[in-house]
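Here's the structure we're looking at; comments come further down.
Computed from the coordinates by the stated procedures, all read-outs in this text should not be read as laboratory data. None of these values were measured; they are calculated from a predicted model. Reconstructed Cβ throughout: ideal geometry from the backbone, glycine too, with neighbour counts over all protein chains shown.
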Amino acid sequence: MSVNTKTLDHIVHLSPPGTVHENAAQWRELGFNVIEGGVHADGLTENTLVILSDHIYFELIAFTKPVDAYPPGSPIRKAREEHKWASCPPGWIDYAFLGNGSLVPPGRISDVINSRAGGEKLYVDEVPGGRTRPDGQVLEWVISSAAKKASLLPFFCGDVTDRALRVPTKPESNTQQPCGAQGIAHILLLTDSEPKFWQALKEISAVVDSQPQTGHATKATWTLANPSAQGKSAPSLILAVARGVEQEAFIAGSSAPRLFEVGLWVAEGEKAKTIWPPYARIVLVPQ
C-alpha cells in the first residue's frame, strides 16, 4: 500500500529561550491569531501555534531556559546541549510532514523512505514524542527524523492521539487570520552551491516520492499536499541556490540548506508584499 509522505504538517519558528509568549505577542501585532500550545514532554521547549485554514500551522517554539540554567554535567543539561535545535539561530529552523504514527517496521516512515532511496539511510528509527496542553490534555505522536544533522529534510510527526487535539482547528475562528493569510503557498530552502543543490534534490525527491515539477540547475519545485479536506490550494516546496546579496548572506557559513522564506496565500486582489515577524521572512501571495 502506498504511503503518503508529502503532506506539509507544520513549520517551526524559534525565538530565544524563555520568550515564547513575548514572541506570540509580536506575531499577534502583525495580524496572526496565536493560540496556546504547551510544554513538550522533555520539559526543554514550549510552544504556541498559528493554525491556517489549510490546517498547516506555524509552531512558535522556544527553549524554556538557556543552557547555563541547568547544572553542569546533569542529564538534563546534556539533553539541552544535544537538542536538535540547540545551535539554531532564531527564525525559521525546520518543517514537518505528516507521518503515520507507526513505530513498527516495515510500515514506518523511515522504512518507506529509506527503501525508496535504494537502502540509503536517509531517516533513523522513529521515536515517541508528545506534550501536555495547558488544559492538561496529553498529546502523543511519533517522530521520524533525518539521519544527517546537516540536512534540511523534513521531520515527520505522526499522531498517536487525534491530530485535532494537537492542531485544534475547531472552532473555525482558530484558523482565521486577521492579516488575511489563508494557507501556505510555499516554503523556500536555499543552498550555497550547485553540488549541495543536486544532493538535496535527490534526497527530497525520495522523501516526496516524485521528481520536481519544475527544475533546472539552480531551482526546483515540488507540489505538496495539506492536511485540510476542504480543497485548499496546495503548498510548494522550492529548493534553490542562493542568489543576490540577501540570500547569499543568509546561507553563508551553513553546511546544509536553510529555510529562507515562507509564502502565504491571501485572497485574489490583495497586494503581494513581504512582512517580517521576529527573525523571519514571510511573503503574501495573492491566489
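Taking all pairs of distinct Cα atoms, average 1/r, flip it, and tell me the Kirkwood hydrodynamic radius of the chain in Å to one decimal place.
Mean inverse Cα-Cα distance, inverted, gives 19.4 Å.
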Using alpha carbon positions and the Kirkwood radius, the Rg to Rh ratio of the stretch 133-182 is 1.10
When the charge dipole of the chain is computed with +1 on Lys and Arg Cβ and -1 on Asp and Glu Cβ about the Cα centre, the Cα farthest towards its positive end, among Gln213, Trp92, Gly38, belongs to Gln213
Checking Phe97, Phe260, Phe156 against a Gaussian network model of the chain (alpha-carbon springs below 10 Å), the top fluctuating residue turns out to be Phe260
Hull volume per residue for the stretch 28-139, using the convex hull of the C-alpha atoms, in Å³ is 167
For His83, His13, ascending order of other Cβ atoms within 10 Å (fewest first) is His83, His13
The rounded separation in angstrom of the Cα centers of the stretch 261-287 and the stretch 99-159 is 30
Per GNM of the chain with C-alpha springs under 10 angstrom, the most fluctuating residue out of Ile184, Ile35, Ile275 is Ile275
What helix-only [θ] at 222 nm does the chain give? Using -39500 (n - 2.57) per DSSP H run of at least 4, over all residues, to the nearest 500, the answer is -5000 deg cm²/dmol
Measuring from its Cα centre, the chain shows a charge dipole (+1 at each Lys and Arg Cβ, -1 at each Asp and Glu Cβ) which, in debye to the nearest 20, is 320
Under the Karplus relation with 6.51, -1.76 and 1.60 and θ = phi - 60°, whole-Hz ³J(HN,Hα) for the stretch 166-172, x at Gly and Pro, equal 6, 10, x, 7, 10, x, 4
